[in-house]
Amino acid sequence: MKKDNMVAMILAGGRGSRLYDLTKKVAKPAVYFGGKYRIIDFPLSNCANSDISVVGVLTQYESVLLNSYVSKDQHWGLDSKDAGVFVLPPREKDETGFGLYRGTADAITQNIDFLDQNEADYVLILSGDHIYKMDYAKMLAAHKAANADCTIAVMEVPLKEASRFGIMNTNEEDIIVEFEEKPAQPKSNLASMGIYIFSYKVLRKYLVADDKNNESNHDFGKDIIPALLNDGKKCLAYRFEGYWKDVGTIDSLWEANMDLLNPDNILDLADPSWKIYTEDVNELPQFIGATGSVDNAYITEGCVVDGTVKNSVLFTNVTVEEGAQVIDSVVMPNCVVKSGAKLVRCLVQENTVIPQGVSLGKKNSEKIDLITRKNAKKEG
């Protein structure tokens, strides 16, 4: 008997403009996170841990580094026979010419041939820029048990914040009866996480119809899901209760990194039962010098600390010189904090040198200061 085949499609083509200089030359899913990871390691590792063997990564904006990175499918154990991570950029076609993906649904539509070739029974649609752990196999089991056409992962958010999200209104069996995109007066607090499972035969039909609609936004939230609901298709809300964060802004990226320092953080990157896989950088061990002081911090391979680091995350190959202070900050790879310099509530771009004696950031500031290679010498 043929095993049900679920193919994952990771949407990784967004500009990430709210991350400013961090995404000027790098796609948002390739941005660093958590000392040694990149954001896209999380959905890829979730796929590997959920026993999904075929993953398509749909890239577009500043995709050179991301394409090179995800093509090394051995990082996530997806390099066995009949498995792999496949980079799927927009392609030139005879009937359409060359064009960028017009929306989230169009990105899948342009790759229907990929899904056909891999004999998909179910399609898992993911975003490449969220930090979380999820067993997609459990979500698929719920989808099949409900005999659903579409299943949407949701999580409860404070009702006062619900207007920022796509909100699912459900009956007592968690069948979706109404979808509202960022409603001014939300009726529930079940927010869409942008994680969908579709029965492929149903999805394929709707994608083909949407492709021919010149008035469509070619978007799952705006077009495909409302069309399914309007036609009375069965859409299930799958409740998720773990850690999940959209790291689309400087503040949220900083917050997600700082969450790792909380001993009660349920993300727990040290959990051996659900590993987050990444590229092995093969650097020397961290070194804390005689004048170094570390208090509640992530210190990654290759770091040299001769100054003070408190409540901070240091990525690979960061140097903190004697007399320097790094407090409540996130410092990305290959940075140097020169002697006498001070960072407070900052997020520092990779390959940045903080000059000697410069003081950056404010202890009581509501906003996190983004320190880049360009502005490090101008601030303070």
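The values are calculated or read from the model by the stated rules, or taken from the named source; none is laboratory data. Predicted model only: the values in this text are computed from it and were never measured. Note that each Cβ is placed from the backbone with ideal geometry, even for glycine, and that neighbours are counted across all protein chains shown. Each accessible area value is taken on the protein alone, full model and side chains, heavy atoms only, with ligands, DNA and RNA left out. Shrake-Rupley method; radii C 1.70, N 1.55, O 1.52, S 1.80 Å.
Being among the acidic types (Asp, Glu) and touching a residue at least 12 places away in the same chain (Cβ under 8 Å) is the filter here, so list the residues in segment 315-366 that pass it.
Across segment 315-366, the qualifying residues are Glu321, Glu322, Asp328, Glu350.
What residue, among those in segment 151-185 that are part of a strand (DSSP E or B) and of a type in the set (D, E, K, R), is least open to solvent (accessible area, probe 1.4 Å)?
So, considering only residues that are part of a strand (DSSP E or B) and of a type in the set (D, E, K, R), the one least open to solvent (accessible area, probe 1.4 Å) is Glu180.
Could you please give the count of residues in segment 1-27 that are at pLDDT 90 or above, closer than 21 Å to Asn351 by Cα and either open to solvent by 20 Å² or more (accessible area, probe 1.4 Å) or over 15 Å from the mean Cα position of the chain (by Cα) (or both)?
So the answer is 1.
Evaluate the following for Lys338: is it under 21 Å from Asn296 (Cβ atoms), modelled with pLDDT of 95 or more and among the charged types (D, E, K, R)?
Considered against the rule, which asks whether it is under 21 Å from Asn296 (Cβ atoms), modelled with pLDDT of 95 or more and among the charged types (D, E, K, R), Lys338 comes out as no.
Please verify whether Val309 is in contact with an Asp or Glu (Cβ under 8 Å, 6 or more places away or on another chain), of a type in the set (A, V, I, L, M), at pLDDT 95 or above and outside any loop (DSSP other than H, G, I, E, B), treating the condition exactly as stated.
Here the answer is yes, as Val309 does meet what is asked.
Just give me the residues in segment 242-265 being over 17 Å from the mean Cα position of the chain (by Cα) and either closer than 25 Å to Tyr136 by Cα or open to solvent by less than 70 Å² (accessible area, probe 1.4 Å) (or both), in sequence order.
Once the filter is applied, which keeps residues that are over 17 Å from the mean Cα position of the chain (by Cα) and either closer than 25 Å to Tyr136 by Cα or open to solvent by less than 70 Å² (accessible area, probe 1.4 Å) (or both), segment 242-265 yields Leu261, Asp264, Asn265.
Evaluate the following for Leu228: is it at pLDDT 95 or above and in a loop (DSSP other than H, G, I, E, B)?
no
Scan Val330, Val358, Val309, Val348 and give me the residue that is of a type in the set (A, V, I, L, M, F, W, C), under 22 Å from Lys25 (Cα atoms), out of contact with any helix residue (DSSP H, G or I) (no Cβ under 9 Å at 6 or more places or on another chain) and open to solvent by less than 40 Å² (accessible area, probe 1.4 Å).
Criteria check complete, one pass: Val348.
Could you tell me whether any residue of segment 144-157 is of a type in the set (D, E, K, R) and in contact with a Cys (Cβ under 9 Å, 6 or more places away or on another chain)?
yes
Which of the strands (runs of 3 or more DSSP E) contained wholly in segment 42-134 include at least 1 residues that are closer than 21 Å to Tyr277 by Cβ, modelled with pLDDT of 85 or more and open to solvent by 50 Å² or more (accessible area, probe 1.4 Å)?
84-87
Restricting attention to segment 100-116, does a residue exist that is at positive phi and more than 19 Å from the chain's Cα centre (by Cα)?
Within segment 100-116 (the criterion being at positive phi and more than 19 Å from the chain's Cα centre (by Cα)), the answer is no, since none of the residues qualifies.
Residue by residue, here is whether (1) part of a strand (DSSP E or B); (2) open to solvent by less than 50 Å² (accessible area, probe 1.4 Å); (3) under 21 Å from Lys72 (Cβ atoms) holds:
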site	(1), (2), (3)
Leu267	no, yes, no
Glu279	no, no, yes
Glu283	no, no, yes
Thr291	no, no, no
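So, Asp295, is that one free of Cβ contacts under 8 Å to residues at least 40 places away in the same chain and either open to solvent by 60 Å² or more (accessible area, probe 1.4 Å) or within 30 Å of Phe198 (Cβ to Cβ) (or both) or not?
Yes, satisfied.
Just to check your reading of the model, which residue among Leu261, Leu253 is touching a residue at least 40 places away in the same chain (Cβ under 8 Å) and outside any loop (DSSP other than H, G, I, E, B)?
Among Leu261, Leu253, only Leu253 is touching a residue at least 40 places away in the same chain (Cβ under 8 Å) and outside any loop (DSSP other than H, G, I, E, B).
Looking at Asp268 and the list (1) at negative phi; (2) of a type in the set (D, E, K, R); (3) at pLDDT below 95, which single condition is not satisfied?
Here Asp268 meets the rest and fails (1).
For segment 227-241, enumerate the residues that are open to solvent by 40 Å² or more (accessible area, probe 1.4 Å) and over 12 Å from Val154 (Cα atoms).
Scanning segment 227-241 gives Asn230, Asp231, Gly232, Lys233, Lys234.
Can you tell which of Asp106, Asp149, Asp135 is among the charged types (D, E, K, R), closer than 15 Å to Ile225 by Cβ, in contact with a Ser or Thr (Cβ under 7 Å, 6 or more places away or on another chain) and in contact (Cβ under 8 Å) with a residue 12 or more places away in the chain?
Result of the check over Asp106, Asp149, Asp135: Asp149.
Here is a list of conditions, (1) outside any loop (DSSP other than H, G, I, E, B); (2) open to solvent by less than 10 Å² (accessible area, probe 1.4 Å); (3) farther than 30 Å from Ala270 by Cβ; (4) not acidic (Asp, Glu), and Ala148 meets all of them except one; can you say which number that is?
Going through the list (1) outside any loop (DSSP other than H, G, I, E, B); (2) open to solvent by less than 10 Å² (accessible area, probe 1.4 Å); (3) farther than 30 Å from Ala270 by Cβ; (4) not acidic (Asp, Glu), Ala148 breaks only (1).
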